[in-house]
Amino acid sequence: MNVLKNMEVIFIASAVILCATSYASAAVRATPAIDAGSVKMAVVDGVKMPVVTISAKRPR
């Protein structure tokens with residue numbers, strides 16, 4: 001019976017710690033993921049994309 005009481009205390013303590021850390025981490029925003037203005041993309045016209053064709057039988 002003593003083991004079950006200890007497991008209950010461990011579960012409740014871990015739940016309290018989990019709630020506190022999720023609340024604290026939700027309040028602070030570390031850094032934005034991606035700044036849309038800083039992303040640059042190059043588009044090249046007239047260039048063929050390399051294509052790989054595999055023609056082998058699947059092993060059974």
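Please treat every number below as a calculation from the coordinates, not as lab data. Note that the structure is predicted; figures quoted are calculated from it, not measured. Don't worry about glycine lacking a Cβ; one is built from the backbone with ideal geometry, like all the others, and counts go over all protein chains shown.
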Distance (nanometres) between label positions extended 7 Å along Cα→Cβ at VAL16 and VAL3: 2.5
Cross-link partners of LYS48 among lysines (Cα-Cα below 23 Å; sequence separation of 8 or more within a chain): LYS40
